[in-house]
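See structure below.
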């Protein structure tokens with residue numbers, strides 16, 4: 001039992017080390033990659049534009065639910081006027097970065113892991129290496145750089161739509177004065193909250209896209225599966241590991257900043 | 001002696017590779033003359049693709065030396081940077097980028113490894129497509145092309161950088177006899193046209209003998225025979241004989257099966 005536990009722990013530590021080396025190599029290769037700007041723009045489009053609908057829909061409904069729940073809780077204590085503060089602080093400090101990251105993992109992260117897994121299976125990655133092209137620099141680095149831009153922007157959008165959703169349910173459906181709602185938002189959210197929001201978003205972006213790229217890139221090393229099954233297993237692993245890492249990183253960052 | 005050495009673009013000596021306990025290459029050595037078509041023959045599973053991938057730097061050999069144009073390739077990324085610019089690899093599966101169009105596939109190595117302008121890259125890529133007679137399919141994705149066109153597209157991508165050496169990994173795998181002939185004819189034609197050195201690994205004996213200047217037989221991890229196609233045909237080497245006579249053996253087996261008294265051996 002102890003041996004099994006020790007073996008698993010060592011495997012996790014080795015995996016984290018491998019992931020760190022993979023990410024480092026990708027950033028190092030970015031400097032040598034030619035026409036990087038065009039590939040970053042493409043990655044921004046894939047992670048940003050294509051994920052826009054899901055961010056808008058989830059952001060809106062998160063705001064609507066927060067508005068509803070917040071109103072009923074605050075109303076019990078006669079503080080319905082603080083609804084804007086509750087919705088905005090919840091969204092900016094926690095729910096915005098975490099939920100936006102989870103949505104981006106589900107859409108862009110899984111697509112990235114599957115794409116790289118298929119490219120590995122069909123020898124496209126090996127083909128790049130035989131051309132003298134760094135596969136890390138060509139395939140991974142643009143996605144990582146794009147994630148540092150896209151995750152904070154998508155989070156900002158998620159928060160903005162969520163705030164509007166909160167106002168919709170609070171003001172239009174439940175009768176909280178719109179001016180009171182938005183002035184509570186303005187008073188509640190301060191610069192450190194916004195900084196925390198963007199710090200979390202950028203960190204989640206870097207971690208999740210690294211993990212998804214790592215699993216797809218190494219689909220051939222997937223234990224117990226080959227071919228299409230290896231792609232499927234590595235994609236599943238990428239999404240599960242990324243989602244867990246988002247929540248763990250959220251706790252760590254929050255505990256340092258609170 | 002020096003002049004002789006300079007004639008050889010690629011020299012391999014004592015190349016060894018094992019995967020766990022399984023020895024795939026047990027000391028392979030050969031020399032490929034500049035501007036020639038050299039074919040390594042061998043049965044499936046003989047380690048031909050591993051040999052080629054060791055040469056291309058995709059698989060790290062356990063021992064042995066590889067010299068390209070007299071320069072030792074130690075296996076490190078630095079030593080291979082120049083080598084990769086001067087050689088190309090045509091994969092058994094073609095390894096085309098399915099999310100890029102045919103033109104973008106051909107342009108990729110130029111975009112990533114040269115300082116050419118966008119206009120020059122486009123012109124060179126279009127020229128390669130024209131030479132391979134697929135210029136009308138530049139906007140198509142690889143999945144929209146036939147098997148033969150995909151092979152030509154892969155060759156266009158391989159030659160667009162004007163390499164001195166092109167590795168062909170089982171270029172006719174999975175193709176019918178007519179297409180096999182067409183692929184070997186294509187390699188011979190473009191090898192003459194562009195003057196590159198071709199190193200082919202295949203198990204298609206008949207076509208390889210017609211298209212090659214020299215052939216080698218890889219069996220049990222070693223080069224069992226090396227010589228001209230004529231020498232190969234006349235060789236009395238037991239492995240060569242077995243490989244050459246496989247058609248005869250098939251006829252004998254089929255006759256026995258028809259008689260109903262054959263038991264297939266493990267080799268079958």
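The values are calculated or read from the model by the stated rules, or taken from the named source; none is laboratory data. On a predicted model such as this, the values are computed, not experimentally measured, just so you know. Here the Cβ positions follow ideal geometry from the backbone for every residue, glycine too, while neighbour counts run over all protein chains shown.
List the number of the failed condition for residue B:48; all other conditions in (1) surrounded by fewer than 16 Cβ atoms within 10 Å (Cβ to Cβ); (2) more than 10 Å from chain A (Cβ to nearest Cβ); (3) within 25 Å of residue B:148 (Cα to Cα) hold.
Failed condition: (1).
Of B:142, B:163, B:171, which residue is in contact with a strand residue (DSSP E or B) (Cβ under 7 Å, 6 or more places away or on another chain) and more than 23 Å from residue B:229 (Cβ to Cβ)?
B:163 is the lone residue from the list that is in contact with a strand residue (DSSP E or B) (Cβ under 7 Å, 6 or more places away or on another chain) and more than 23 Å from residue B:229 (Cβ to Cβ).
Is there a residue in the stretch B:135-142 that is in a helix (DSSP H, G or I), within 12 Å of chain A (Cβ to nearest Cβ) and buried (at least 16 other Cβ atoms within 10 Å of the Cβ)?
yes
Is it the case that residue B:96 is in contact with a helix residue (DSSP H, G or I) (Cβ under 6 Å, 6 or more places away or on another chain) and either under 25 Å from residue B:159 (Cα atoms) or assigned to a loop (DSSP other than H, G, I, E, B) (or both)?
So residue B:96 passes the test.
Checking the condition at pLDDT below 90, surrounded by fewer than 17 Cβ atoms within 10 Å (Cβ to Cβ) and away from every other protein chain (no Cβ under 12 Å), which residue from B:13, B:7 passes?
The unique qualifying residue is B:7.
Rundown of residues vs (1) within 14 Å of another protein chain (Cβ to nearest Cβ); (2) in contact (Cβ under 8 Å) with a residue 40 or more places away in the chain; (3) within 20 Å of residue A:39 (Cβ to Cβ), yes/no style:
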| position | (1), (2), (3) |
| --- | --- |
| A:121 | yes, yes, no |
| A:132 | yes, no, yes |
| A:142 | yes, yes, yes |
| A:145 | no, yes, yes |
| A:150 | no, yes, yes |
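Any chance you could count how many residues in the stretch B:13-59 are over 18 Å from residue B:90 (Cα atoms) and without any contact (Cβ under 8 Å) to a residue 40 or more places away in the chain?
Number of matching residues: 6.
Select from the stretch B:94-116 the residues that are in contact (Cβ under 8 Å) with a residue 24 or more places away in the chain and more than 8 Å from every other protein chain (Cβ to nearest Cβ) and list them in ascending order.
Correct list: B:94, B:100, B:101, B:102, B:103, B:105, B:106, B:107, B:110, B:114.
All but one of (1) within 10 Å of chain A (Cβ to nearest Cβ); (2) touching a helix residue (DSSP H, G or I) at 6+ places or on another chain (Cβ under 7 Å) hold for residue B:126; which doesn't?
Only one criterion is unmet by residue B:126, namely (1).
Within the stretch B:108-134, can you find the residues that are part of a helix (DSSP H, G or I) and closer than 12 Å to residue A:34 by Cβ?
B:108, B:109, B:110, B:111, B:112, B:113, B:118, B:121
List every residue pair whose Cβ atoms sit under 6 Å apart, with the two residues 6 or more apart in sequence or on different chains, where the first one lies in the stretch A:1-24 and is within 21 Å of residue A:210 (Cα to Cα) and the second, anywhere, is surrounded by 10 or more Cβ atoms within 10 Å (Cβ to Cβ) and modelled with pLDDT of 90 or more.
Going by the 6 Å Cβ cut-off, the qualifying pairs are A:19/A:214; A:22/A:214; A:23/A:210.
Kindly establish whether residue B:49 is modelled with pLDDT of 85 or more and either over 20 Å from residue B:73 (Cβ atoms) or under 18 Å from the mean Cα position of the chain (by Cα) (or both).
So residue B:49 passes the test.
Could you list all residues from the stretch B:171-195 that are within 21 Å of residue B:58 (Cα to Cα) and either out of contact with any helix residue (DSSP H, G or I) (no Cβ under 7 Å at 6 or more places or on another chain) or not in a loop (DSSP other than H, G, I, E, B) (or both)?
Residue satisfying the conditions is B:173 alone.
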